[in-house]
Amino acid sequence: MTSIVMLGDLTVTDGRASERTVSPRSTEYSCAECGTVIYVASTRFPSTVILRPGTLDRTEVAAPQAHIWVRRKQSWLELPSNVPRFEEQYERELVWPAASLARIGATDSVSR
Ligand SMILES: [Zn+2]
């Protein structure tokens, strides 16, 4: 599970994140103690990061907005019927709230 978060809205409040270059454009930030990946930043989208919401103190604030790549899910996994599903990737314009589209549209013009 991942969430796209505005970089300015993200603060590591406990411990410190260690960074590791994972590609020419991407840097991964992990817990310096246990190595759990917290988020990934890309120079392609400098105003946002890809957050692993399972690392949040309050994981309930990151309820899924869509299930993607459903064609690759495990057969035993049951998905809730009230969340849109996509066999592969999705168009964020079909899923994201208008306020979220407006915020990212003002900063990242390339779609993911
Ligand atoms: Zn840790």
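Values as computed for the structure displayed
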| quantity | calculated |
| --- | --- |
| Residue-normalised accessible area of the chain, expressed per residue, 1.4 Å probe, Å² | 72 Å² |
| Among beta bridges that DSSP assigns inside the chain, antiparallel share in %, nearest 5 | 95 percent |
| Spin-label model distance (nm) - Ser47 vs Met6, 7 Å beyond Cα toward Cβ | 0.8 nm |
| Once the Cα gyration tensor of the chain is diagonalised, semi-axes √(5λ) in Å | 24, 19, 14 |
| Theoretical ellipticity at 222 nm over the chain - DSSP helices of four or more residues, -39500 (n - 2.57) apiece, nearest 500 | -2500 deg cm²/dmol |
| Relative contact order (%) - criterion: Cα under 8 Å, at least six apart; region: region 1-103 | 20 percent |
| Whole-percent carbon and sulfur share, accessible surface of the chain, 1.4 Å | 50 percent |
| FRET efficiency, 1/(1 + (r/R0)^6) with R0 25 Å, evaluated for Glu60 and Ala32 via beta carbons | 0.45 |
| Contour minus Cα-Cα distance for Ser100 and Leu77 (0.36 nm per residue) | 5.4 nm |
| Residue among Ile68, Ile50, Ile38 with the largest mean-square fluctuation in a Gaussian network model of the chain, springs linking Cα atoms under 10 Å | Ile68 |
| Simple label model, 7 Å out from Cα along Cβ direction - Arg85 to Glu19, nm | 3.9 nm |
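The values are calculated or read from the model by the stated rules, or taken from the named source; none is laboratory data. For clarity, every value in this text was computed on a predicted model and none was experimentally measured. In this analysis, Cβ positions are derived from the backbone assuming ideal geometry, glycine residues included, and neighbour counts consider all displayed protein chains. Remember, those area values only see protein heavy atoms, side chains included, never the ligands or the DNA or RNA. Shrake-Rupley method; radii C 1.70, N 1.55, O 1.52, S 1.80 Å.
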